[in-house]
Amino acid sequence: MSSQGCGEVAEQLVSLDEPFGFASGAILPRLQIAYETYGELDAQRTNAILVCHALSGHHHAAGVRDSAPEPIGWWDNMIGPGKPIDTNRFFVVSSNNIGGCNGSSGPSSLNPETGKPYGRDFPQTRVEDWVEGQRLLADHLGIKRFAAVVGGSIGGMQALLWALRHPERVGAAVVIACPPRLTSQNIAFNEIARQAIIRDPNYAAGDYYDDEPPRRGLAVARMLGHVTYLSDADMERKFGRAQRSSGDGTGKIFQVESYLRHQGNKFSDRFDANTYLLMTRALDAFDPAADAGGDLIAALAPASAQFLVVSFEHDWRFPPERCRELVASLVAAGKLVSYAQLDAPGGHDAFLMDDPHYHAAVRGFLQRQVPA
């Protein structure tokens, strides 16, 4: 298996031995962050781009790494030589969020006080904590300012918060398929997914690391997620009412059932249930306007970055009208903002796909940040 871009890449780990303070007030005595980089940092250290991953993502965003959950990076179509995030031009950094299960400190990490995984005792993370961890990583790499911070879905929330929390360190923010905060319906979907995990008998109140993990509950949570990530039209086009053998001698099942079972089982083999709980709660809690009395326009005042906001017409999880709320508030706050609403297939997952209009919008915007 090969990538037509960054080629073989290596995971890197940094240990930050100073205590890490969470937004909740909890303290972690030691923080580890897993990350990858692509391209070369220029002499002036002005060409760095930070890529932020979504709910089930990780730091393996591009290139090939056989030890990763999937050998090809999850955004390999976007990052690489000549691609929209062009590694001939940019030095790209991608890290695993705090609370993750792919190398950064998280629930499956050992608690030095007990010698066992933190499990349910790992502090609840928020988007603010992910941004703070990325800031510490940037300091470690000697990057004082990112030319851009880029992300889709939860990654877009991180890009937005970077622009608000560290305006002097962000030249541009690319916010893709991302609302300013979740609706109650979205929170409800996340709660159903969490309950599927918590009610799995193997969840054991989060302390399952010495036994069988709650694979069934996590698989169901992932199945629900996939339904919300794809549009109705896209599911109809991919599956319709086609059927296939169940494979267990019980007759036929719909193709969409087979797809969801496969995706759920595959996910439950690679992801940690406690991490899923932490990250969905962080997603629910995200609200940059909360500290400004609910006034999003006022909350956006500190930002000095240029913004690109992208939405997809068939995304019903985070639909265009929610993204336009953010655009309207940025305009009202006097910020420089470009907006692209694209008719790309794939529902919410369109932000991961290789659509030419989508890629052209990102490419053109980023090229203006660091001219060749």
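Here are a few things to note about the model shown:
- Most fluctuating residue given options GLY225, GLY100, GLY294, as computed from a GNM of the chain linking Cα atoms under 10 Å: GLY294
- When the square roots of the Cα gyration tensor eigenvalues are ordered a ≥ b ≥ c, the ratio a/c for segment 211-312 is 1.5 or more and a/b does not exceed b/c, which makes its shape oblate.
- Mean ellipticity per residue at 222 nm, deg cm²/dmol - from DSSP H runs of n ≥ 4 across the chain, formula -39500 (n - 2.57): -10500 deg cm²/dmol
- DSSP assigns beta bridges within the chain; of those with both partners inside it, close to 40 percent run antiparallel.
- Heavy-atom surface of segment 1-70, accessible at 1.4 Å and reported per residue (Å²): 47 Å²
- A Gaussian network model of the chain, with springs between Cα atoms under 10 Å, assigns the largest mean-square fluctuation among MET157, MET235, MET78 to MET235.
- If R0 is taken as 45 Å, the Cβ-Cβ distance between ALA204 and ARG145 corresponds to a FRET efficiency of 0.50.
- Net +/- balance of residues flanking ALA242 in space, Cβ distance below 12 Å, scoring K and R +1, D and E -1: +3
- Kirkwood hydrodynamic radius of the chain, from inverse mean 1/r over distinct Cα pairs, in Å: 21.1 Å
- Candidates GLN124, GLN185, GLN341, ranked by Gaussian network fluctuation over the chain, Cα under 10 Å, top entry: GLN185
- Figure legend: label point modelled 7 angstrom from the Cα of ARG270 along Cα→Cβ; residues of segment 97-118 with amide N under 14 Å from it are 101-103.
- ALA292/ALA23 FRET efficiency (R0 22 Å; Cβ-Cβ; nearest 0.05): 0.85
- Taking every alpha-carbon pair within segment 290-369, the share separated by more than 19 Å comes to 44 percent.
- Long-range HN-HN contacts of SER246 with modeled amide H, under 5 Å: GLY251, LYS252, ILE253
- In order through segment 74-79: 3J(HN,Hα) via Karplus (6.51 cos²θ - 1.76 cosθ + 1.60), integer Hz, x for Gly, Pro: 5, 10, 5, 6, 9, 10
- 3J(HN,Hα) from dihedral phi, segment 221-234, Karplus parametrisation 6.51/-1.76/1.60, rounded to Hz, x for glycine, proline: 4, 5, 4, 4, x, 4, 4, 7, 7, 9, 7, 4, 5, 5
- Across segment 328-343, computed HN-Hα scalar couplings (Karplus, 6.51 cos²θ - 1.76 cosθ + 1.60, θ = phi - 60°) run 4, 5, 5, 4, 5, 7, x, 8, 7, 9, 10, 9, 10, 10, 10, 8 Hz from first to last residue, x flagging Gly and Pro.
- Longest site-free stretch - the chain; sites: GluC sites (Glu not before Pro), DSSP loop, at most 15 other Cβ within 10 Å: 114-312
- Taking the 1.4 Å solvent-accessible surface of the chain as the whole, the part contributed by carbon and sulfur is 49%.
The values are calculated or read from the model by the stated rules, or taken from the named source; none is laboratory data. Here the structure is a predicted model, which is why all the values come from computation and not from measurement. Methodologically, a virtual Cβ is constructed for each residue, glycine included, from the backbone with ideal geometry; neighbour enumeration extends over all protein chains shown. We work out accessible area using only protein heavy atoms, side chains counted, and drop any ligands, DNA or RNA first. Shrake-Rupley method; radii C 1.70, N 1.55, O 1.52, S 1.80 Å.
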